[in-house]
Amino acid sequence: MIIGELINSSRKAMRTLIETWDDAAVAEVAKLQADSGADYIDINCGSFTTDEPKRLAWLAETVRQSVELPLCIDTPNVEALKAALPLVGEKQAMINSITAEKERFASILPLVCEYKTKVIALCMSDEGIPVGVEGRIKVADKLIADLTAAGVKIDDIYIDPLVQPLATTNEGALPLLNAVIAINDKYPQVHCVCGLSNISFGLPKRKLINRTFLVQAAFAGIDSFILDPTDKQLMGALFAGEALLGHDPFCGRYLMQYRKGLFNE
């Protein structure tokens, strides 16, 4: 599953559009991502700390009216979630995100249950972000147990083991990839997701690293990505990788995207 990442106020150009309430331009970005293969549209205006609920509600309504795709509501702010969720329409929304931190889990879980959303669950607890494989698995165990005990469908849970920037670790992506393999083996009905571009933060030629990591992550078992669907080379790597992994019978999706011109420079 592809979650389009472009409507995020951390991006300078998008921050300007949100700041000026430019609904036509925001709608065009949503349409571009939908046309490029996104399955969900992520919306985030966390940079606007003073009026985030109002702006997130505006984004939800603007994007919902411009595309038929479901929304991924990206905020830890409960008041912002409460403002945006009633505007997502009939399609099942996603909340990005919940963690195993007691206060955050307790505040966001009721909204997941009330609106019956999918939910991205970060492998983060009150002790912080686990460094190794076992720590990530331990937090994932707790999140899955607590979410399913509250009535969340296991197929609606998307575990994010949290990508550590390659520039900050000598272990590379291996702890995350090995954690994904273990989580998928233990919970085959649970999904794994990651914010793809986090891996390349602080390094040159970021798109090269992102494309390479995408194929490795898909092989490990990550089946959902938050990424830029307008990056043709990245999407090409995704569809080629899916075909090579046997996830695309008779290369149907690969050939369809080729005929649509996805791989044209």
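See the values below:
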quantity	calculated
Percentage relative contact order, the chain, counting C-alpha pairs under 8 Å, at least six apart	15 percent
Phi-based couplings in Hz for the stretch 257-262 (Karplus 6.51, -1.76, 1.60; Gly and Pro marked x)	5, 4, 5, 7, x, 4
Links that overshoot a 22 Å alpha carbon limit, given the list Lys31/Lys260; Lys12/Lys205; Lys232/Lys260	none
Proxy reagent accessibility, fewest Cβ within 10 Å first, across Leu147, Leu109, Leu245	Leu245, Leu109, Leu147
Trypsin sites (Lys or Arg not before Pro) within the stretch 16-110: DSSP coil, no more than 15 neighbouring Cβ in 10 Å	Lys91
Positive-end extreme of charge dipole, the stretch 2-259 - chosen from Gly172, Val112, Leu56 (charges on Cβ)	Gly172
As computed over the stretch 2-259, the Cα convex hull volume per residue (Å³)	129 Å³
Additional length obtainable on full extension of the chain from Tyr258 to Lys138, 0.36 nm per residue less Cα span	39.1 nm
Assigned charges on the beta-carbon of Lys, Arg, Asp, Glu; the stretch 88-186 dipole about Cα centre (debye)	180 debye
Prolate/oblate/rounded label for the stretch 136-265 (Cα gyration tensor, a/c 1.5)	oblate
Karplus (6.51, -1.76, 1.60) ³J(HN,Hα), θ = phi - 60°, over the stretch 43-54, in Hz, Gly and Pro reported as x	10, 9, 9, x, 5, 9, 6, 7, 9, 4, x, 5
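Read the figures in this text as sums done on the coordinates, not as results from a lab. Keep in mind it's a predicted model, so treat the numbers as computed, not measured. Positions of Cβ are backbone-derived with ideal geometry, glycine not excepted, and every protein chain shown enters the neighbour counts.
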